[in-house]
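Asks: My structure is below; once you've seen it, I'll send some questions.
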Amino acid sequence: MRRVLVLSTPGRGEAQARRVAALLGDLAVGAHAGTVMHTPVKATDKTLEVVQELQADAVVAVSGGSTTELGKAIALRTDLPQIVLPTTYAGSEMTPILGETTLRPQG
């Protein structure tokens with residue numbers, strides 16, 4: 001891993017992600033605070049754009065269950081390695097299950 005993207009939630013999670021990126025030094029290509037609760041496919045798609053733009057070759061998920069799920073979604077779609085640094089126990093860090101959500105059209 002030479003180009004690591006750190007994933008987090010907006011708000012307090014961003015500060016944690018920036019600290020982790022700083023600890024990674026030149027290995028970190030950035031921090032992306034694009035996590036959304038229940039991992040909507042749109043959030044995963046946006047994060048994939050960031051991964052591709054920064055040419056990341058790994059992701060580090062820092063935060064709770066939603067960020068862990070986003071890291072799983074990126075790893076599944078890209079086959080990139082992932083590291084999870086959970087800050088809360090949500091259970092998603094203990095399972096291979098990925099939960100993503102989509103909105104159904106009304107009507």
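Asks: Taking 2.2 N^0.38 Å as the expected size of a compact globular protein, what ratio does the Cα radius of gyration of the stretch 39-107 give against it, to two decimals?
Replies: The value comes to 1.13.
Asks: Same structure again: Defining a contact as two alpha carbons under 8 Å apart and six or more residues distant in sequence, what relative contact order in percent does the chain show?
Replies: Computed value for the chain: 28 percent relative contact order.
Asks: Let me ask something else. For the stretch 1-65, report the % of Cα-Cα distances exceeding 18 Å.
Replies: In whole percent, the long-distance tail amounts to 30.
Asks: Moving on. Add +1 for every Lys or Arg and -1 for every Asp or Glu among the other residues with Cβ under 14 Å from the Cβ of G13, and state the total.
Replies: +1
Asks: Right, next: Between M1 and L27, with labels modelled 7 Å along Cα→Cβ, what's the label distance in nm to one decimal, could you check?
Replies: Distance between label points: 0.6 nm.
No value in this document is a laboratory result; all are computed from the given coordinates. Worth saying up front: this structure is predicted, and the values here are computed from it rather than measured. Cβ coordinates were reconstructed from backbone atoms using ideal geometry, including for glycine residues, and neighbour counts include every protein chain displayed.
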